[in-house]
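A quick write-up on the structure given underneath.
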Amino acid sequence: MSSLLREEMQRVLFRPAKERLVEFIEIEEPSHGRHFFCASVAKNKEVQLCIVHCQMSVPLKSASKRSFTKRSCIQECYRRAEIWSLKDLTLIDGRNPDVDDPCFLLHFDEVRTVTAISCSAKYAMVRALVALSDRYCQRSLNLRNFDWPYIKPTSFYSNKGDCAVLSQICFYAINLVCLSMCHVPLDG
């Protein structure tokens with residue numbers, strides 16, 4: 001589902017603005033509809049952060065005067081409500097690293113509270129923002145109150161190729177142990 005959303009937002013909202021959607025998470029907002037916190041990179045390599053509101057369906061009259069049907073209006077559903085530059089972000093505050101809290105604070109000129117739909121979404125977005133800041137802004141992002149192993153993984157977890165090789169070795173070792181424990185009758 002998220003890949004379809006990514007493709008649709010890229011096509012409808014970001015590609016016409018000559019931007020590439022890098023990361024997005026669904027967030028909770030008080031207003032009606034779905035909301036997303038997005039990070040995109042423009043052609044001039046500027047990283048923009050934005051809140052996107054999406055009103056997925058609009059009631060339209062059908063052929064019958066009494067009944068209403070809901071029809072998706074994808075072209076008109078995505079709208080950027082707030083936009084910031086990553087360069088203006090001074091701090092990301094995770095509030096409390098010891099509690100499963102999907103809420104975090106973005107410090108620009110003003111503080112913007114963002115509530116992700118899950119803690120894993122929160123950490124995925126923060127990891128993406130750290131990488132974007134390192135790559136495009138040439139500065140490390142100021143973070144507070146995060147569980148650091150989830151932000152900057154250790155070298156054991158960072159190389160997926162090494163993990164795959166290690167997993168295969170463990171699989172073969174377990175197979176050898178299982179085979180050596182099997183009793184094979186010798187008829188001879």
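Structure notes:
- Evaluating Thr69 against the criteria (1) at pLDDT 95 or above; (2) open to solvent by less than 80 Å² (accessible area, probe 1.4 Å) leaves one unmet condition, (1).
This table checks each residue for (1) buried (at least 16 other Cβ atoms within 10 Å of the Cβ); (2) within 30 Å of Asp147 (Cβ to Cβ); (3) modelled with pLDDT of 90 or more.
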| residue | (1), (2), (3) |
| --- | --- |
| Phe14 | yes, no, yes |
| Ile27 | yes, yes, yes |
| Val41 | yes, yes, yes |
| Leu49 | yes, yes, yes |
| Ser62 | no, no, no |
| Asn96 | no, yes, no |
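- Search result, residues across the stretch 101-154 that are open to solvent by less than 20 Å² (accessible area, probe 1.4 Å) and among the basic types (Lys, Arg): Lys122
- Single residue of Ile92, Ile83 found to be assigned to a strand (DSSP E or B), closer than 26 Å to Cys137 by Cα and open to solvent by 60 Å² or more (accessible area, probe 1.4 Å): Ile83
- Checklist (1) in contact (Cβ under 8 Å) with a residue 60 or more places away in the chain; (2) outside any strand (DSSP E or B) applied to Thr115, failing item: (2)
The values are calculated or read from the model by the stated rules, or taken from the named source; none is laboratory data. Nothing here was measured: the structure is a model prediction, and the numbers come from that model. So basically every Cβ, Gly included, is an ideal-geometry build from the backbone, and we count neighbours across all protein chains shown. Each accessible area value is taken on the protein alone, full model and side chains, heavy atoms only, with ligands, DNA and RNA left out. Shrake-Rupley method; radii C 1.70, N 1.55, O 1.52, S 1.80 Å.
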